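The values are calculated or read from the model by the stated rules, or taken from the named source; none is laboratory data. On a predicted model such as this, the values are computed, not experimentally measured, just so you know. Note that each Cβ is placed from the backbone with ideal geometry, even for glycine, and that neighbours are counted across all protein chains shown. Surface accessibility is based on the protein's heavy atoms, side chains included, excluding ligands, DNA and RNA. Shrake-Rupley method; radii C 1.70, N 1.55, O 1.52, S 1.80 Å.
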Amino acid sequence: MRVSFGLILLMFLFSCSGDQKQTEELKSNVVIEKKLSEFINQHKNWVENNEANPETTDKFQREVIHWSNEPDFLQNMPLQVETLKDTVESGQPVKIAVFTGYSDTTRPLNSLLNYIQITINGIISDNQAKQLEKGQHYTIQASLQRQGKRADVKYIQVADFRGYDLGKYTFVINSIKPLKTK
């Protein structure tokens with residue numbers, strides 16, 4: 001009974017935090033989270049009556065693609081390994097690690113990281129592949145190989161969930177750092 005009450009309370013707090021996350025200044029060392037927070041604060045009326053303004057969404061798509069060109073785009077971004085696979089990229093056999101953003105209940109309630117979806121197809125070496133484990137969390141330093149598509153960048157609303165899909169990108173992974181679990 002206590003567990004279900006706690007779970008209901010946590011879900012209520014998450015649902016109440018939706019509007020709060022859009023108005024508070026966010027202190028973060030994650031570049032993507034900072035940039036998203038700045039965009040949201042500059043466009044407070046982007047989403048009204050559960051409908052995203054198409055002009056602001058277009059601007060959002062263009063800005064996110066622009067952010068991906070910056071060398072610090074993935075700086076401090078916590079990512080989870082979804083899959084490791086061998087494939088062919090530009091006619092060359094390569095190893096790919098698919099990294100995604102993930103939700104984490106230990107983050108502050110106003111953290112936008114819990115509302116960000118992003119997919120990074122990381123070109124990795126054999127040695128880097130040995131460092132990675134599916135389902136584990138990492139930060140990476142990487143160089144952009146192939147930019148994402150603007151059409152993949154969007155505001156998402158499903159039931160009470162409001163989030164931001166920042167698209168899919170291909171990066172050459174320069175370094176991998178495991179995140180410490182608490």
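Some values worked out for this structure:
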| read-out | value |
| --- | --- |
| Top-ranked residue of segment 154-163 - restricted to ones that are farther than 17 Å from Thr100 by Cβ and in contact (Cβ under 8 Å) with a residue 12 or more places away in the chain, ranked as surrounded by the fewest Cβ atoms within 10 Å (Cβ to Cβ) | Asp160 |
| Those residues of segment 69-79 which are within 19 Å of Asp152 (Cβ to Cβ) and buried (at least 16 other Cβ atoms within 10 Å of the Cβ), in sequence order | Phe73, Leu74, Met77, Leu79 |
| Boolean, Val47 is under 18 Å from Gln157 (Cβ atoms) and in contact (Cβ under 8 Å) with a residue 40 or more places away in the chain | yes |
| Subset of segment 104-153 (residues that are within 20 Å of Leu179 (Cβ to Cβ) and open to solvent by 60 Å² or more (accessible area, probe 1.4 Å)) | Thr105, Thr106, Pro108, Leu109, Gln117, Asn127, Lys130, Gln131, Glu133, Lys134, Gln136, Gln141 |
| Any hit, segment 52-68, residues being in a strand (DSSP E or B), open to solvent by 20 Å² or more (accessible area, probe 1.4 Å) and among the small types (Gly, Ala, Ser) | yes |
